[in-house]
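Right, one structure below, let's go through it.
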Amino acid sequence: MAIVSRKKNEIQCKVVYYGPGRGGKTTNLITIHKAVASKVRGQLISIHTAGDRTIFFDFMPMDLGAVKNMNIKISVYTVPGQVIYNDTRKVVLRGVDGIVFVADSLEISKRTISKACRIFKTTYGIWADNLRMCRSYCSTTSVI
């Protein structure tokens, strides 16, 4: 749930990019970082690995400005897609306000996408039904 601080006139939200490995989560975040004005976005923190795989998380803070005297701040994270990092995903997903499910749109990836959805549902249970989600399908040529 978003954190509302009347003392600071601030609303803080947490959005996490979730999906199978090599689905495009980090690519989405890099694309957003490049597209958003520098006064809105903070530094993109990403730990690069030899195989271009996320092993903990990527992070980018955003300050969207004020709406009716309340400053809107969004923390955007990615989680590793590999099943062996399920505990890491649980930690990063604590306190999340919204999830963007990112997956490769190639036909060959359908089983991987289904498996990622099942893991999400079984791992995070009932509260996932109440969470707002959107889907982003990527191909090797573009980010949608």
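The values are calculated or read from the model by the stated rules, or taken from the named source; none is laboratory data. Since we're looking at a predicted model, the values are computed, not measured. Don't worry about glycine lacking a Cβ; one is built from the backbone with ideal geometry, like all the others, and counts go over all protein chains shown.
List of remarks:
- Looking across segment 94-115, the residues that are surrounded by 15 or more Cβ atoms within 10 Å (Cβ to Cβ), modelled with pLDDT of 85 or more and either hydroxyl-bearing (Ser, Thr, Tyr) or not in a strand (DSSP E or B) (or both) come down to Val96, Asp97.
- Residue, surrounded by the most Cβ atoms within 10 Å (Cβ to Cβ), within segment 1-38, restricted to residues that are farther than 22 Å from Thr88 by Cα and out of contact with any strand residue (DSSP E or B) (no Cβ under 8 Å at 6 or more places or on another chain): Thr31
- For beta carbons closer than 7 Å, sequence separation of 6+ or different chains, a first residue in segment 113-124 that is farther than 9 Å from Pro20 by Cα and a second that is among the small types (Gly, Ala, Ser), the qualifying pairs are Phe120/Ala128; Lys121/Ala128.
- For segment 68-90, filtering for residues that are without any contact (Cβ under 8 Å) to a residue 40 or more places away in the chain and exposed (fewer than 12 other Cβ atoms within 10 Å of the Cβ) leaves 3.
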